[in-house]
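In what follows, a single structure is set out as structure tokens and then discussed.
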Amino acid sequence: MTTAASHTDAVHLFGLPIQCLDFHTANQELLKVASERNHPSRIVVTPNVDHVVKLNQQPEFKQRYITSDYIFADGMPIVWASKMTPSPLPERVTGADLFVSLCLGCVEQQMSIFILGGQPGQEQMLRDAFAITYPRLKVSIFCPSMQFDTEGAESDEAIRQIQDAQPNILFVCLGMPKQEKFAFKYREQFATNNVPLILCVGAAMEFALGQKKRAPLWMQKIGMEWSWRLATEPRRLWQRYTTQGWKFLSLLKKEYQIQKSHRP
């Protein structure tokens with residue numbers, strides 16, 4: 001049986017125990033978790049700069065967030081910030097990249113996935129897109145309304161469909177913090193219904209299916225993916241990459257003092 005990731009092996013940054021794994025190792029470990037059904041459901045979150053700021057503003061939610069079994073650094077600034085610690089992160093492990101690699105792994109190992117997310121009524125369109133992009137992938141999809149909540153009739157229907165499908169991997173694509181709150185609230189219920197792995201991955205599905213275009217690889221590597229996303233979705237993302245960015249710089253200054261105080 002695969003055990004949950006140990007927070008003692010993590011880099012502690014911004015109050016989060018972030019897994020110190022490279023992408024390949026993380027992907028292989030998650031595929032192994034997904035292939036075994038005799039353990040509690042494992043939750044994966046991938047914080048970026050915006051998430052770090054929001055978590056700092058919501059201490060009660062942050063306490064639940066750090067109960068995730070795997071916390072990977074999605075944002076390059078978080079990887080850079082880890083250089084202040086004795087054990088810097090080897091690289092970022094993004095939700096968008098994990099989505100693609102895990103889908104390909106599920107095809108190879110004949111495992112199934114469930115998608116909770118997408119625009120309302122898009123289920124058939126998404127199934128067709130998956131059939132083209134990931135042939136032979138076993139996928140079930142439920143696209144809730146924009147008013148989806150962790151309680152109520154829609155949530156009950158989502159849970160029913162997930163339990164009926166019993167996927168190896170549940171991708172919750174509802175945006176932060178709604179997706180994490182859903183995963184935390186029902187993790188024990190999913191564990192009893194053979195859902196070994198739950199990933200909270202925001203817009204990862206849209207990138208994977210080509211509905212949204214990711215920044216060129218060179219921009220991703222130098223930490224400028226945010227500028228690409230801001231240019232492509234300015235109305236939706238301007239506040240995230242301006243106001244939130246300045247707040248992150250303030251947190252970064254505080255974190256530097258914390259890390260400095262811990263040095264021998």
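Values in this text are rule-based calculations from the coordinates and carry no lab data. Being a predicted model, the structure only gives us computed values, none of them experimental. Note: ideal-geometry Cβ built from the backbone for every residue, glycine included; neighbour counts use all protein chains shown.
Structure values in brief
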item	result
Of all DSSP beta bridges in the chain, antiparallel share, percent nearest 5	15
Gain upon complete extension [Gln257, Lys83; 0.36 nm per residue less C-alpha separation]	61.3 nm
Peptides 123-130, 251-258, 189-196 ordered by average Cβ neighbours within 10 Å, highest first	189-196, 123-130, 251-258
Value of relative contact order over the range 126-206, rounded to a whole percent, pairs C-alpha under 8 Å and six or more apart	29
Cβ-placed point charges (K, R +1; D, E -1), dipole of the chain about Cα centre in debye, nearest 20	880
Restraint check, Lys32/Lys54; Lys62/Lys260; Lys62/Lys247; Lys54/Lys212; Lys54/Lys254; Lys83/Lys185, Cα-Cα greater than 27 Å	Lys32/Lys54; Lys83/Lys185
Peptides 22-32, 143-153 ordered by average Cβ neighbours within 10 Å, highest first	22-32, 143-153
Among Gly75, Gln58, Pro264 - extreme Cα towards positive end, dipole of the chain, charges at beta-carbon	Pro264
Gain in span if fully extended, Phe61 to Gln28, counting 0.36 nm per residue against the direct Cα distance	9.0 nm
Prolate/oblate/rounded call for the range 22-100, Cα gyration tensor, a/c under 1.5 rounded	oblate
Label-point gap, in nm, between Arg37 and Gln122 - each point 7 angstrom along Cα→Cβ	2.9
Rounded if a/c under 1.5, otherwise prolate or oblate - the chain, Cα gyration tensor axes	prolate
Per-peptide average of other Cβ atoms within 10 Å, ordering 39-49, 155-165 highest first	39-49, 155-165
Relative contact order, percent, the range 11-208 [alpha-carbon distance under 8 Å, six or more residues apart]	28
